[in-house]
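J.: Please find one structure pasted underneath; my questions will follow.
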Amino acid sequence: MHSLSLPPGGSLSRTELFLRIAGWPVAVEAPEAGALGRLFSRFVVSRDVAGEEVARLRAVPPAELRPEPSTRTLPRTSRLEGGGVGLAGEDYEATLSADGRQAHVVGRGRFPIETVLKVMLARALARRGGLLVHGVAVAHQGRAALFTGHSGAGKSTLGALWGQAGGQVLADELVAVWPEAGGGWRAAGTPWNVGQPVEARLTAVGTLAWDAASRWEVQPAGEVGRMLLLNALLPEATPAGRGGLLAAAGRLLSEVAPVRLVFARDASVATAIQGALGHG
């Protein structure tokens, strides 16, 4: 398999889709490309990519259809000969190349494609020293804060309240973060749920808590780190993959302010965010 490079003025076919997520270009070739294009419309890019290295995901239907499960779990992973990675789900299978830039998926529907896209994105971010985190990222005046936590911690609620106040929500499901070459970190939205194709300078990373009054607090890095590691997508279940995730999380916590946002379910949370991010 080879990386995709289109000729000047070239375009993708009806069964192919070109996306750019957090600066990562990927072409998806699948019967579901049309449906994915509508779902991910904000991240669809149609332009000349001559000379640019583009990841490729190719999905094909299985020879024998397996029933779609009522519930989904994380795919089983295995290390393949040559350094590639295998993924096995309830009704699909996939292989990823050693460099993480090529994937072949055997399955039907959007779910297998989206799952493998997330793994590929996590690996692309890992190559940059970054992370793909289950959380919510809010931005104000070009500065962003990433918050993560257990289910029910308030990630979606915070995103909704900030959006209702006219604030910019980068993402409320999966957030891409990575270090910049000249120093500092960036945060960007991803296509899932309300994600936006926007990035901002990451100035805070933290957790959430409920209270009757909203406030922004300093929090020990260790407390943030434990929750961050629980919610960062592991790019590959190998010692190297775990080591890379730990190194990226450690660097993030040493370079970006660890905080806690305690908030009420009202407009006061917008005031707390504006006050903190507005002063950088």
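The values are calculated or read from the model by the stated rules, or taken from the named source; none is laboratory data. Note that the structure is predicted; figures quoted are calculated from it, not measured. Don't worry about glycine lacking a Cβ; one is built from the backbone with ideal geometry, like all the others, and counts go over all protein chains shown. Ligands, DNA and RNA are excluded from the accessible area calculation, which covers all protein heavy atoms including side chains. Shrake-Rupley method; radii C 1.70, N 1.55, O 1.52, S 1.80 Å.
J.: Among (1) 1.21; (2) 1.02; (3) 1.08, only one was calculated for this model; which label is it, if the read-out is Cα Rg over 2.2 N^0.38 Å?
T.: (2)
J.: OK, next. Pick out which of A171, A181, A160 has the largest mean-square fluctuation in a Gaussian network model of the chain, springs linking Cα atoms closer than 10 Å.
T.: A181
J.: For V218 and E64, what does the FRET efficiency come to when R0 = 51 Å and r is the distance between their Cβ atoms, rounded to the nearest 0.05?
T.: 0.35
J.: Quick one: what do you get for the stretch 48-95 if you divide its Cα Rg by 2.2 N^0.38 Å?
T.: 1.53
J.: Rounded to the nearest 500, what is the 222 nm mean residue ellipticity of the chain from helices alone, with -39500 (n - 2.57) per DSSP H run of 4+ residues and division by all residues?
T.: Calculated mean residue ellipticity at 222 nm is -8500 deg cm²/dmol.
J.: Let me have the relative contact order for the stretch 92-209, percent, based on Cα pairs under 8 Å that are six or more residues apart.
T.: It rounds to 23 percent for the stretch 92-209.
J.: Convex hull over the alpha-carbon atoms of the stretch 69-186: what's its volume per residue in Å³?
T.: Once divided by residue count, the hull of the stretch 69-186 is 132 Å³.
J.: Need one number for the stretch 178-280: average projected area of the convex hull over its C-alpha atoms, nm².
T.: One quarter of the hull surface, i.e. the mean projection, equals 7.8 nm².
J.: How high is the FRET efficiency from A165 to A247, r the C-beta distance, R0 35 Å, rounded to 0.05?
T.: 0.45
J.: Taking a probe of 1.4 Å, how large is the accessible area per residue of the stretch 209-270, in Å²?
T.: Value returned for the stretch 209-270: 50 Å² of accessible area per residue.
J.: I've got another one for you. Return the FRET efficiency for the residue pair R79, R38: r is the Cβ-Cβ distance, R0 is 51 Å, and the value is rounded to the nearest 0.05.
T.: Between R79 and R38 the formula returns 0.90.
J.: Once the Cα atoms of helix 110-127 and of the chain are each reduced to a long axis, what angle between those two axes, in degrees from 0 to 90 to the nearest 10, is obtained?
T.: The angle comes out near 70 degrees.
J.: Obtain the nm distance between the two label points defined at R127 and W210 by a simple spin-label model: each point lies 7 Å from its Cα along the Cα-to-C-beta direction.
T.: 4.3
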